[in-house]
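Asker: Questions regarding the structure given below will be posed in turn.
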Amino acid sequence: MIEDELRAAFARHEALTPPAGPLRSAIDRLAAARRRRRLRLRAGGAALALLGVLGIGVPQLTPDRVAEDATLLAEPAGPAPTGALNILLLGVDGTAKEPTRLADSVLLVHIPADRSRPYLISLPRDLAVPIPGRGIDKLNAAFLYGAGKGRPDLGGGYLLTRQVVADLTGVRVNAGAVLTYPVLRQLTDEVDGVEVCLPREVRSFHTERVFPSGCQRLDGAASVDLLRQRRELPEGGLDRDRHAQLFAAGLIRRAGEQGVLTDPVRLLALVGTVGAELVVGSDGSPLVDLLKVLPDLRSVDPIGLSLPVGPPEGLGWRLSPDPTEAPAFLAALREDRLAQWVAQHPERVNRIR
């Protein structure tokens, strides 16, 4: 009886109920907007890591500013940058148990004004350089001094290293990124592995894994393992620098194969898992403007180079720029003449394929 009365009451008042369609549409619009916003905030900071490896400038960012700076992607775009671009990539050591401190891979990505192709320039970690306030020390120590003790300040480490590299090379560093092991591992897995072609077998000092000579596709964990190796390589840190170039070149090619280099939306979707693990910096140019250089690249197949250095000095294995060849190389870099320098010194080109 009571059930019948309730049904009758609902039937009498049903005509007074407002239509549900508009309300449902409003809820759907709100949910969609929130999903889009979450995607922007999640992917905006994540994409910056791959952009750094690809040689693209990014806005100043620290982990607590990912959400704020990701909104730059929605701002109106200005003109594409002109002239040569120089991007500093710092591969830093450290694990979950040991804080990140040293920049053991220092890679300067040069994109010439003619947008012909990227140049990957390794600066040896053991290079003796002047560090402001610290005197002469190894290049990788600049990050240590800038990051400080305790929990390292990755942004501070990047800024001091950027200053040292700018002083050393004489070029303006337009943008850069600090790439930790977790970032590199996630990026590699996001593109389903990166192919590297090793000139000789490498046995991991840390895991005893054997990387055979020749071409092979590595997942994130294997890539990080390879990039850590130095101690048992014939030329130590210099060989590790060459492996870093092999990895960076492989990542660029892999992204090109997947068609993301000219599609920012796909780029964001591809690397949407890195998030706030990343610390990057730039000279202030908006990301959406700097992205415009990608379609202008006539080739994404990079050329690998290294700063010419002399033999190690003393027990500390410090290196110095080669007094005969380094000045001409740095002059070519500053004057955006690397193509001509490479043509004159083909023996100085690193094999990165």
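The values are calculated or read from the model by the stated rules, or taken from the named source; none is laboratory data. Please read these numbers as outputs of a predicted model, since none were measured by experiment. Here the Cβ is made from the backbone with ideal geometry for all residues, glycine too, and neighbour counts use every protein chain on show. Quick note on the areas: whole protein, heavy atoms, side chains included, nothing else; ligands and nucleic acids left out. Shrake-Rupley method; radii C 1.70, N 1.55, O 1.52, S 1.80 Å.
Conditions (1) crowded, with 20+ Cβ neighbours inside 10 Å; (2) out of contact with any His (no Cβ under 6 Å at 6 or more places or on another chain); (3) charged (D, E, K, R), marked per residue:
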| site | (1), (2), (3) |
| --- | --- |
| Val178 | yes, yes, no |
| Leu198 | no, yes, no |
| Arg203 | no, yes, yes |
| Val210 | no, yes, no |
| Cys215 | no, yes, no |
| Ser223 | yes, yes, no |
| Glu232 | no, yes, yes |
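Asker: Also, quick follow-up: Which residue pairs have Cβ atoms closer than 7 Å, lie 6 or more positions apart in sequence or on different chains, and pair a first residue in the range 127-141 that is assigned to a loop (DSSP other than H, G, I, E, B) with a second residue that is surrounded by fewer than 20 Cβ atoms within 10 Å (Cβ to Cβ) and of a type outside the set (Asp, Glu)?
Answerer: From the range 127-141, the pairs are Pro132/Gln163; Arg134/Tyr145.
Asker: Next question. Output the helices (runs of 4 or more DSSP H) that fall wholly within the range 164-267 and possess 2 or more residues being under 23 Å from Leu294 (Cα atoms), or say none.
Answerer: Fully inside the range 164-267 and qualifying: 181-190, 237-257.
Asker: Just to be sure I understand, how many residues within the range 242-266 are hydrophobic (A, V, I, L, M, F, W, C), modelled with pLDDT under 80 and within 18 Å of Ala177 (Cβ to Cβ)?
Answerer: 3
Asker: Go through the range 154-187 and count every residue that is out of contact with any Asp or Glu (no Cβ under 8 Å at 6 or more places or on another chain) and polar (S, T, N, Q).
Answerer: Summing the residues that are out of contact with any Asp or Glu (no Cβ under 8 Å at 6 or more places or on another chain) and polar (S, T, N, Q) in the range 154-187 gives 3.
Asker: Any residue at all in the range 150-171 that's open to solvent by 20 Å² or more (accessible area, probe 1.4 Å), touching a residue at least 12 places away in the same chain (Cβ under 8 Å) and either under 20 Å from Arg254 (Cβ atoms) or aromatic (Phe, Trp, Tyr) (or both)? Reasoning before the result, please.
Answerer: Initial filter on the range 150-171 (open to solvent by 20 Å² or more (accessible area, probe 1.4 Å)): 150-154, 159-160, 162-163, 166-168, 170.
Of the ones still in play, those that are also touching a residue at least 12 places away in the same chain (Cβ under 8 Å) are 150-152, 154, 159-160, 162-163, 167-168, 170.
When the remaining residues are screened for being either under 20 Å from Arg254 (Cβ atoms) or aromatic (Phe, Trp, Tyr) (or both), the result is none.
The answer is no, given that none of the residues of the range 150-171 is open to solvent by 20 Å² or more (accessible area, probe 1.4 Å), touching a residue at least 12 places away in the same chain (Cβ under 8 Å) and either under 20 Å from Arg254 (Cβ atoms) or aromatic (Phe, Trp, Tyr) (or both).
Asker: Related question: Can you say whether Glu335 is modelled with pLDDT of 60 or more and more than 17 Å from Ser116 (Cβ to Cβ), as far as the supplied structure shows?
Answerer: Against the criterion (modelled with pLDDT of 60 or more and more than 17 Å from Ser116 (Cβ to Cβ)), Glu335 does not qualify.
Asker: Is there a residue being buried (at least 18 other Cβ atoms within 10 Å of the Cβ), over 16 Å from Ser122 (Cβ atoms), at pLDDT below 75 and of a type outside the set (S, T, N, Q) anywhere in the range 294-307?
Answerer: Checking the range 294-307: at least one residue is buried (at least 18 other Cβ atoms within 10 Å of the Cβ), over 16 Å from Ser122 (Cβ atoms), at pLDDT below 75 and of a type outside the set (S, T, N, Q).
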